[in-house]
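**Q** Okay, handing you the structure first.
The values are calculated or read from the model by the stated rules, or taken from the named source; none is laboratory data. Predicted model, so just to flag it, every value in this text is computed and none were measured. Every residue, glycine among them, receives a Cβ derived from its backbone with ideal geometry; neighbour counts consider all protein chains shown.
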Amino acid sequence: MIALLTGKLAYKSIDHLIIDVGGVGYRVKIPLSSFYVLPEAGEVRLHIFTYVKEDAIHLYGFLTAEEKELFILLLSVSGVGPKLAVNILSNIPAADLRAALSQGNDKRLAAIPGIGKKTADRLILELREKVGKLAAAAGTAYPSAPPTRATDTLDDTLSALINLGYKEAQARKALEALELAPDTPVEEVLKGALKILLK
């Protein structure tokens, strides 16, 4: 069972990385929170959760042990699979998620795409006590990478928002509301769009 990976970042996209560890490339799915702070290249260290299915093995990577523990807790809730758990962590910082669960803030949770009121209530019911016992673990912080110009920034951002569960029309409206410089990196566009969508 793989629990930690340290290696060179060979490829980075909005939803996954390829990490070169001794010449072997590991494909690791990540939440947006990790995408924002990981560098474009260089050495990375991720806490890994290995998810085994009958027909595949998937690796999920997190910058901190706390994020990984929250991911595992989310998976313990009936009806929550890895895709939804990653989506939750992509839309709310770990500290805010812990606070929302422990305080029973169903409105904050229900604002996340793919989480309705029933799922929000179920998350609170099943995780409120567990999350209270979850000690905040120290993680690895990475400096922000220098921005790079992306020719298809808006298309990439739109695709990311749709993958996160937003409807295309809703995502396009949020993107149209942003005032952007021509060289704004996709990370910044995504952050701005999510701020509008989560209001």
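**Q** With respect to LEU161, is the statement that it is at pLDDT 75 or above and surrounded by fewer than 18 Cβ atoms within 10 Å (Cβ to Cβ) true?
**A** Criteria not met by LEU161.
**Q** Within segment 52-66, can you find the residues that are modelled with pLDDT of 90 or more and either out of contact with any Ser or Thr (no Cβ under 9 Å at 6 or more places or on another chain) or of a type in the set (Asp, Glu) (or both)?
**A** none
**Q** Would you call ILE88 surrounded by 19 or more Cβ atoms within 10 Å (Cβ to Cβ), within 17 Å of the chain's Cα centre (by Cα) and among the β-branched types (Val, Ile, Thr)?
**A** yes
**Q** Here is a further query. Go through (1) modelled with pLDDT of 80 or more; (2) under 22 Å from GLU66 (Cα atoms) one by one and return the number of the condition ALA137 breaks.
**A** It fails just one condition, (1).
**Q** Does segment 100-121 hold any residues that are surrounded by 19 or more Cβ atoms within 10 Å (Cβ to Cβ) and outside any helix (DSSP H, G or I), and which are they?
**A** Hits for segment 100-121 are ILE112, PRO113, ILE115.
**Q** Ok, one more. Looking for whichever is out of contact with any Asp or Glu (no Cβ under 9 Å at 6 or more places or on another chain) and of a type outside the set (Val, Ile, Thr) here; the options are ALA10, ALA3. Which one fits?
**A** Details: ALA10 fails: out of contact with any Asp or Glu (no Cβ under 9 Å at 6 or more places or on another chain).
Step by step, each of ALA10, ALA3 is checked, and only ALA3 is out of contact with any Asp or Glu (no Cβ under 9 Å at 6 or more places or on another chain) and of a type outside the set (Val, Ile, Thr).
**Q** Test LEU89 against the criterion of being at pLDDT 85 or above, farther than 30 Å from GLY42 by Cβ, aliphatic (A, V, I, L, M) and not assigned by TED's automatic domain parsing to the domain that holds HIS16, and give yes or no.
**A** It is false that LEU89 is at pLDDT 85 or above, farther than 30 Å from GLY42 by Cβ, aliphatic (A, V, I, L, M) and not assigned by TED's automatic domain parsing to the domain that holds HIS16.
**Q** Still on this structure, I have one more. Of all residues in segment 17-69 being crowded, with 19+ Cβ neighbours inside 10 Å, β-branched (Val, Ile, Thr) and not in a strand (DSSP E or B), which is farthest from the chain's Cα centre (by Cα)?
**A** Among those residues, the one meeting the criterion is THR64.
**Q** For the condition assigned to a helix (DSSP H, G or I), touching an Asp or Glu at 6+ places or on another chain (Cβ under 8 Å) and not acidic (Asp, Glu), what is the one hit in LEU125, LEU89, LEU97, LEU74?
**A** Every option except LEU89 fails the conditions.
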